[in-house]
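First up is the structure itself, then whatever we jot down about it.
The values are calculated or read from the model by the stated rules, or taken from the named source; none is laboratory data. None of the values given here were measured: they were computed from a predicted structure. Here the Cβ positions follow ideal geometry from the backbone for every residue, glycine too, while neighbour counts run over all protein chains shown. The area values use the complete protein model at the heavy-atom level, side chains included, leaving out ligands, DNA and RNA. Shrake-Rupley method; radii C 1.70, N 1.55, O 1.52, S 1.80 Å.
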Amino acid sequence: MMAELSFALEKQGISAFRFDFSGNGESEGSFGFANYRKEVDDLHAVIQHFTAANRIVSAIIGHSKGGNAVVLYASLHHDIPIVVNVSGRFKMGRGIEKLLGSDYLERVKKDGFIDIKSQAGKVLFRVTEESLMERLNTDMHEAGLKVDQDCKVLTVHGSADEVIPVEDALAFAKIIPNHELRIIEGANHDYSNHRDELVPIVSDFIKANVHRLL
């Protein structure tokens, strides 16, 4: 999805840089549950790198957990004029019980961690008490209120998102001051059959607002 968005932006004369957060994909480091502040720091480091190279960073885009990262970034660093949140999570406590079980708080406080295992019993990753509490204590409502009025924010969400319900997108729309909301009917979390709708919505939004800045 991000590759398709990058290609669409390049066709409109806007260069794009994609990267994996620390411990994810092709980046070095160890994977950690939550890590929201660390991912904001990663994003800040990327922006600083291009700024130091005399490049203008006009927009940041994130999907799912990356959507949280870009909104959190905008609430802490007020140097990016355009933010695109694709299917980010607003209610941070939602979805944890499905992943960890109904007694996750008792278990993590007792043992200090919960291991997430594959069907074969292999440990995929470990959820520590610290990382769990970071997620639960990440307040997207507070973050949204701290986004600058001058920062133009687009939230896109699929009406059939099976991971993060569309209600979360409506919550972002209520609190972020300079905000546009687009719901793609029938789209799931990965926009598997709706890339042809997602890509132009995002690329046209960025192109229109970049030109507004010039």
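The single condition among (1) of a type in the set (Asp, Glu); (2) free of Cβ contacts under 8 Å to residues at least 24 places away in the same chain; (3) in contact with a strand residue (DSSP E or B) (Cβ under 8 Å, 6 or more places away or on another chain); (4) assigned to a helix (DSSP H, G or I) that Asp196 does not meet is (3). Checking every residue in segment 57-68 against the condition of being assigned to a loop (DSSP other than H, G, I, E, B), of a type outside the set (A, V, I, L, M) and out of contact with any Cys (no Cβ under 8 Å at 6 or more places or on another chain) gives at least one match. Residues in segment 82-103 that are buried (at least 19 other Cβ atoms within 10 Å of the Cβ) and either assigned to a loop (DSSP other than H, G, I, E, B) or more than 16 Å from the chain's Cα centre (by Cα) (or both): Ser87, Gly88, Arg89, Phe90, Met92.
What number of residues within segment 170-214 are among the small types (Gly, Ala, Ser), open to solvent by less than 30 Å² (accessible area, probe 1.4 Å) and over 15 Å from Ile61 (Cβ atoms)?
Pass one, segment 170-214, residues among the small types (Gly, Ala, Ser): 171, 173, 186-187, 192, 203, 208.
Okay, now just the ones that are also open to solvent by less than 30 Å² (accessible area, probe 1.4 Å), so 171, 187, 203.
From the residues that got through so far, the ones that are over 15 Å from Ile61 (Cβ atoms) too are 171, 187.
Counting residues in segment 170-214 that are among the small types (Gly, Ala, Ser), open to solvent by less than 30 Å² (accessible area, probe 1.4 Å) and over 15 Å from Ile61 (Cβ atoms) gives 2.
Considered as a group, the residues in segment 163-186 that are under 17 Å from the mean Cα position of the chain (by Cα) and assigned to a loop (DSSP other than H, G, I, E, B) include one that is nearest to Cys151 (Cα to Cα), and that residue is Ile176. Can you tell me which of (1) in contact with a helix residue (DSSP H, G or I) (Cβ under 8 Å, 6 or more places away or on another chain); (2) of a type outside the set (D, E, K, R); (3) closer than 30 Å to Val123 by Cβ; (4) open to solvent by less than 60 Å² (accessible area, probe 1.4 Å) is the one Gly23 doesn't meet? Result: Gly23 passes all but (1). Within segment 24-40, the set of residues being within 16 Å of the chain's Cα centre (by Cα) and either modelled with pLDDT under 95 or over 15 Å from Val70 (Cβ atoms) (or both) comprises Asn24, Gly25, Gly32, Phe33, Ala34, Asn35, Tyr36, Arg37, Lys38, Glu39.
Pairing residues of segment 112-130 that are closer than 18 Å to Tyr36 by Cβ with residues that are of a type in the set (Gly, Ala, Ser) and open to solvent by less than 40 Å² (accessible area, probe 1.4 Å), at Cβ distances under 6 Å and at least 6 apart in sequence or on separate chains, gives Glu129/Gly112.
Residues in segment 104-156 that are modelled with pLDDT of 95 or more, assigned to a helix (DSSP H, G or I) and open to solvent by 80 Å² or more (accessible area, probe 1.4 Å) were compared, and the one that is nearest to Asn178 (Cα to Cα) is Leu145. Counting only residues that are open to solvent by 40 Å² or more (accessible area, probe 1.4 Å), of a type in the set (A, V, I, L, M, F, W, C) and part of a helix (DSSP H, G or I), which one in segment 40-56 is nearest to Phe7 (Cα to Cα)? Per the criteria, the residue is Phe50.
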